[in-house]
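Structure first, commentary second.
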Amino acid sequence: MKLKVDDPDIVEVSGESRYQPLSQASITEIAHLYLEDRLLASWDIPKRDLKLLPSIFLPLLYMTDFQRKDMQRDGITYLYADKEDALPVEIEGYPCFETLRTLNADDYERVRVEISRIKQTMDYVA
């Protein structure tokens, strides 16, 4: 599910986006890890459970208003974490993480396309 960080009460953050688009190799690696069920991604969390995102991806709990605005400025809309980095606790069946990685909408779309391409290749081979 897409992360919403719009909050009109947060002071505007100026400056250029610091988000660097991922290389194709990184996109492919994320797609493979996802297909191997080694990542938990925010796009897999149903809408009814989005309220749990800060409890799943713990760094969200400790972000300042400025950091949230930075995420908005940088177009960060998706989060993911490597399941091997999960803490030994769960919340409503979801693992919890002390770290997270981010994707903007463009890189998410590239990951989604790569996942589809790999699935088609696997279907063709099988």
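Quick note: the coordinates plus some simple rules give every number you see, no bench work behind them. All of these numbers come straight from a predicted model, not from anything done at the bench. Because the Cβ atoms are built from the backbone with ideal geometry, glycine has one as well, and the counts that use them run over all protein chains shown.
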Inset, instruction - Any chance you could give the angle, 0 to 90 degrees and rounded to 10, that helix 65-74 forms with the longest Cα principal axis of the chain? - result: 50
Inset, instruction - Can you pull the one-decimal nm distance between simple spin-label points at GLU109 and LEU35, each 7 Å off the Cα toward Cβ? - result: 2.2
Inset, instruction - Mind checking the full-extension length gain between ARG117 and ARG18? Use 0.36 nm per residue of separation minus the Cα-Cα distance, one decimal, nm. - result: 32.8 nm
Inset, instruction - On a 0 to 90° scale, report how tilted helix 105-125 is relative to the longest principal axis of the chain, with both axes built from alpha carbons and the result rounded to the nearest 10. - result: 10
Legend entry - Estimated distance in nm for a label pair at PHE66 and LYS51, the labels positioned 7 Å out from Cα along Cα-to-Cβ: 3.2
Inset, instruction - Starting with the highest mean, order 19-26, 73-80, 96-103, 34-41 by the number of other Cβ atoms within 10 Å, averaged over the residues of each peptide. - result: 73-80, 96-103, 34-41, 19-26
Inset, instruction - Tell me what the chain gives for mean residue ellipticity at 222 nm when only DSSP H runs of n ≥ 4 count, each as -39,500 (n - 2.57), the sum divided by the residue total, rounded to 500 deg cm²/dmol. - result: -11500 deg cm²/dmol
Inset, instruction - Check the chain and count each lysine pair with an alpha-carbon distance under 26 angstrom, considering only pairs eight or more places apart or from different chains. - result: 15
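The chain: Rg/Rh from Cα coordinates, Kirkwood Rh? Kindly include the intermediate steps, with their values, before the conclusion.
Values: Rg = 15.5 Å, Rh = 15.6 Å.
A ratio of 0.99.
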